[in-house]
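In what follows, a single structure is set out as C-alpha cells and then discussed.
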Amino acid sequence: MTRIPFGTIALAAGLFAAAAPVRAQVACGDTIGKGQTVTLTADLGPCDGVQRAIIIDSGVLDLGGHTVFCEDTNGNEKFSYGLDIRGRNAVVRNGTVSGCIDNVYVAGSKQTVEGITAAAAERYGFYVASTSSKNRLAGNTATGNTDDGFQARGVKHTIDGNSASGNGEDGIDVTQATKVKITNNTSTNNSDDGIEATGTKNKIIGNTSTANADDGIAVGAGKNKVIGNTSTGNG
C-alpha cells in the first residue's frame, strides 16, 4: 500500500476546504487539523515512542473500521496516549483504540465521539477533561480497561447510548461535573460501580446497570435527577 505523506494531506486541506475526504494511512504522532477529514485505510500501530498516537485538533477522523493500538515495544514501560481530541467541533468515529494510557482523551468543546470501541487501556477507555464542555459521546463501547470505562469531568456533556463492561473500576464515572446528561447507557460486570455521578445538576435517565461489583448507580452531591433507570444484580 502506498503511504501518502501527511504533509501533503495538510496542504490539500488548506487549499481546498470543500474537497472530498482524504483516505490515507497516517503515522503515529500525526495531527489532523482544522478543515481536514481523514479516513484510515489500515490499522495503525503499534504506537510507541510518541506522546500521542494521533492528535485530532478540530478535524475529522474516521477510523474506517480499523484499530489504533499502543504497545511498549522498547521495554521502557512507557505507553502513548491514544486519540487526543482538542480544539472545537472535532469528530472521531468508527473504529477501535486499544492498549494506550487513555485510549480516547477529549478536551476542548463541542467534540463528537461515536462508534468507537476503547479496550484494554492502561488507565481509562474514554477520558473527558475537566476544562472541557459540551462534548458528545454516543454509541461507544468501553471494555476491559484498567480503570474506568468512561471518566468524564467538565460541564454540559452528553453521554448517550454507550456500553461499558468488564472495566477495572466504574463503568461510567462522571466526576465533579455539572449539567451532564447520562442517558440510555448500559453498564455491566464492572469491578466497581456501574454508573457513578458526582457534582450538580446532572441527569441520569434511562440507563441499565447490571452485575457490577459495587453499586448499580451511585449519585452524590446535589440537584441531580435520576429517572427511569434499571439496576439489578449489583454488589
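The values are calculated or read from the model by the stated rules, or taken from the named source; none is laboratory data. Note that this is a predicted model, so its numbers are computed, not measured. Every residue, glycine as well, gets a Cβ built from its backbone with ideal geometry; the counts of neighbours run over all protein chains shown. Calculation scope for accessible area: heavy atoms of the full protein, side chains included, ligands and nucleic acids excluded. Shrake-Rupley method; radii C 1.70, N 1.55, O 1.52, S 1.80 Å.
Charge tally around Asn76: other residues with Cβ under 14 Å, Lys/Arg +1 each, Asp/Glu -1 each, net -4.
Working note: Karplus 6.51/-1.76/1.60 with θ = phi - 60° gives segment 66-80 the couplings 8, 10, 9, 9, 10, 8, 8, 7, 9, x, 8, 6, 10, 10, 8 Hz, where Gly and Pro are set to x.
Stretching Asn189 away from Gln176 to a fully extended chain increases their span by 2.3 nm, per 0.36 nm per residue minus the current alpha-carbon distance. Placing dummy labels 7 Å off each Cα toward the beta-carbon, the span from Lys156 to Glu114 is 2.0 nm. Using a Gaussian network model on the chain with a 10 Å cutoff between Cα atoms, which of Ala119, Ala177, Ala27 fluctuates the most? Answer for the Gaussian network model of the chain: Ala27. Counted by Cβ distance under 15 Å from Val60, the other residues give a net charge of +2, where Lys and Arg count +1 and Asp and Glu count -1. Restricted to Cα atoms, the chain shows a radius of gyration and a Dmax of 17.7, 57 angstrom.
In degrees between 0 and 90, to the nearest 10, how far off the longest principal axis of the chain does helix 6-15 point, with axes built from Cα atoms? Tilt of helix 6-15: around 90 degrees. The phi torsions of segment 55-65, fed into the Karplus equation with coefficients 6.51, -1.76 and 1.60 and a -60° offset, translate into couplings of 9, 10, 10, 6, x, 10, 10, 9, 6, x, x Hz, rounded to whole numbers, with Gly and Pro shown as x. Per atom type, segment 104-235 shows carbon and sulfur on 43% of its accessible surface, probed at 1.4 Å. On a 19 Å Cα-Cα criterion, which of the cross-link pairs Lys156/Lys181; Lys34/Lys156; Lys34/Lys78; Lys110/Lys156 come out too long? Check vs 19 Å cut-off fails for Lys34/Lys156; Lys34/Lys78. Remark: segment 31-45, residue by residue, has Karplus-estimated 3J(HN,Hα) of 10, 9, x, 4, x, 9, 10, 10, 10, 5, 10, 7, 4, 10, x Hz, where x stands for each Gly or Pro and the curve is 6.51 cos²θ - 1.76 cosθ + 1.60 at θ = phi - 60°. At an R0 of 35 angstrom, the distance between the Cβ atoms of Val226 and Arg88 translates into a FRET efficiency of 0.65. The peptide list 99-111, 206-218, put in order of mean Cβ contacts within 10 Å with the highest first, becomes 99-111, 206-218. Rounded, prolate or oblate: pick one for segment 21-139, where a ≥ b ≥ c are the square roots of the eigenvalues of its C-alpha gyration tensor, a/c under 1.5 means rounded, and failing that, prolate if a/b is larger than b/c, else oblate. Here segment 21-139 falls in the oblate category. Looking at segment 20-164, the accessible area is 37 square angstrom per residue; that uses a 1.4 Å probe and ignores ligands, DNA and RNA. Ranking Ala197, Asn135, Gly216 by Cα position along the charge dipole of segment 116-235, where only Lys, Arg, Asp and Glu carry charges on their C-beta atoms, puts Asn135 farthest toward the positive end.
Backbone amide hydrogens, once placed in the peptide plane, bring Val219 within less than 5 Å of Ala197, excluding anything fewer than 5 places away on its chain. The figure for Phe79 is an accessible area of roughly 70 square angstrom, using a 1.4 Å probe on the protein chains alone. Got a sec? Charge dipole of segment 25-99, +1 on Cβ for Lys and Arg, -1 for Asp and Glu; which of Gly45, Leu61, Gly87 is way out at the positive end? In segment 25-99, that residue is Gly87. For the chain, the Cβ-based charge dipole about the Cα centre amounts to some 1340 debye (Lys, Arg positive; Asp, Glu negative; other atoms uncharged). A simple spin-label model places pseudo-atoms 7 Å from Cα toward Cβ; at Lys201 and Thr146 they are separated by 3.6 nm.
Near Ala121, the amide H atoms lying under 5 Å from its own belong to Gly99, Asn145, Thr146; only residues 5 or more places off or on other chains count, and H is placed 1.01 Å from N.
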